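Values quoted throughout were computed directly from the atomic coordinates according to the rules given, and no laboratory measurement underlies them. The model shown is predicted, which means the values in this text are computed figures rather than measured ones. Glycine gets a Cβ as well: all are built from the backbone with ideal geometry, and neighbour counts include every protein chain shown.
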Amino acid sequence: MTTEISQADATTFAIVDELKARFGEANLVVQPTLTGMPVVWVVREQLIEVMRFLQQVPKPFVMLYDLHGVDERLRMHRRGLPPADFTVFYQLMSLERNSELMIKVALHEDDLRVPTLCNVYLNANWYEREVFDMFGIEFSGHPHLSRMLMPPTWNGHPLRKDYPARATEFDPYTLTMEGQDREQEALRFNPEAWGMKRHSGDTDYMFLNLGPNHPSVHGVFRIALQLDGEEVVDCVPDIGYHHRGAEKMAERQSWHSYIPYTDRIDYTGGVMNNLPYILAVEKLAGITVTQRAETIRVMMAEMFRINSHLLFLGTFLQDLGAMSPVFFTFSDRQRAYHVIEAITGFRMHPAWFRIGGVAHDLPRGWEKLVRDFLDWMPPRLDEYERAMMDNSIVRERTVNIATHTTAEALTWGVTGPNLRATGLKYDLRKAKPYSGYERFDFDIPVGTNGDVFDRGMMRIEEMRQSLRIIEQCLKHMPDGDYKADHPLTTPPPRDKMLQHIETLITHFLQVSWGPVLKANESFQMIEATKGINSYYLTSDGNTMSYRTRIRTPSFAHLQHIPAVINGGFVPDLIAHLGSIDFVMADVDR
């Protein structure tokens, strides 16, 4: 075992010995990484057997957390790894072990096929379609392997290394009337392709497009509904209208210059999006930040959690027909933005966290701004609960609507408040603390029914806990520097730069090239506003990422919709969509 593995918690890596005992050491390759979890290569022919084994071991791996691919063809540092042109990786979670596991399969360019996992983990469906779309890897036995983020007429697979990364590398875009007709026709929903019937007995089903331009879908998102009257017989969520290629962009941005792109993933989360990325980069760079920097990060992340949940609460109740709450919640968001803007200099997308710390120290007078906000919000939350969530009409529209159990949530990869609404007390800030969360005292709210009402109440309770965390930041803000003193972090102090030629050279290289990080892989997940968000980074010893995988909670939550809503009614679907709390940039990336 490597140093990284031998120093880790033994329970995290015990699964490696279990795999070796079952499948033989000769059939496995254990890859040393900085991810904090076992990374094991298996042969394609044993993939299904390995996955079924992991699903059935004591303290099983109950969730397929992520699944994606890597184009390995230009990667220079692969010493000790199986030969591969492409890799498919599978990340699993075991809540009982409180650990993750990554399984990798090596593929060769002339045989890009791997068996589907849809019969083992139901939520593999969308992930496999995305890998097929982005890399052209086929999943044998998949029920409907088709494009997902790119239009059906698209040529090429964007995350391959030989696919252009910039618009200037393409020919000028033109669209004739014939081309427009062809593109529109390709978007036509074909029920038979999804196994749906147009008729059943004496019933003629109606097919309805909800979205991609409808206020209840919160962005460019379409759901093709099969309806019997107002009953939803079946539905097909259709995404990709907001796809901007954030993972592709990471391959041409320096480690520093990519930070603002992370703000735009869950665009209501602000600096919360910076956090998993910079924590993963800091693992690659070997940077340990100061307690002051950690505490500032926690305070600002929780400010944005409140800001995001207020947006959710107002629009959620608006979807249920209540028109006034959104005005109240947006007024309170302005108070949060007043604090955020005073500290960071920006509002919605501060891009303020930095590798090794934050952009600058807290300004004079920040304590009063935060105190005023802490004094204002608790009575407001009480009022929201009394006037809105206790409203009889809201309860009729939400209680026992679109329910799902903890087991169902884990099966579909549901995380965050939507998982805790089922009664499971699982929060990464407690289970796997990061950025100093272990130093804070707060509770984990849980629901009971896993219904629309509980998902709404979760956000109000979580805002109360966020206020508790911010209060502790205010009272116990550590002294010290706001950034680490490390050559790979933020620019050095100006007085040092003017006195030492080595520091001046370092500053010049950092600004012009960005830091060069040693070849390795790192990973960080956080409890973001909408669920678990993570960045899986691969460095090839360069100034930019070789591969950046962004796992977002909303992607999994939208795949879950048919399992929850089929058999319900259209108004129930609208209520459920509001209770999920998603944004399409978080889905499509």
Roughly how many debye, to the nearest 20, is the charge dipole of the chain about its Cα centre, given +1 on each Lys and Arg Cβ, -1 on each Asp and Glu Cβ, and no other charges? 1360 debye
Can you grab the distance from the C-alpha centre of the stretch 384-458 to the C-alpha centre of the stretch 105-131, Å, no decimals? 31 Å
Mind ordering 183-192, 131-140 by average Cβ neighbours within 10 Å, highest first? 131-140, 183-192
Need the list of aspartates and glutamates near Lys104 for cross-linking: C-alpha distance under 16 angstrom, and skip anything on the same chain fewer than eight residues off. Glu25, Glu45, Glu49, Asp66, Asp71, Glu72, Asp85, Glu128, Glu138, Glu521
Express the relative contact order of the chain as a whole percentage, based on alpha carbon pairs under 8 Å and six or more residues apart in sequence. 17 percent
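State whether the stretch 295-379 is rounded, prolate or oblate according to the following rule on the C-alpha gyration tensor (a ≥ b ≥ c being the square roots of its eigenvalues): a/c under 1.5 gives rounded; otherwise a/b larger than b/c gives prolate, and the remaining case gives oblate.
Note, shape of the stretch 295-379 comes out prolate.
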Listed here are the pairs Lys496/Lys518; Lys161/Lys283; Lys283/Lys518; Lys432/Lys530; Lys430/Lys518; Lys59/Lys530; which of them are more than 20 Å apart at the Cα? Lys496/Lys518; Lys161/Lys283; Lys430/Lys518; Lys59/Lys530
Excluding same-chain residues fewer than 8 positions from Lys368, which lysines have a Cα within less than 25 Å of its Cα? Lys475, Lys483
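Take peptides 325-338, 403-416 and line them up by average Cβ neighbours within 10 Å, highest first, as a rough protection proxy.
The densest-packed peptide leads the list: 403-416, 325-338.
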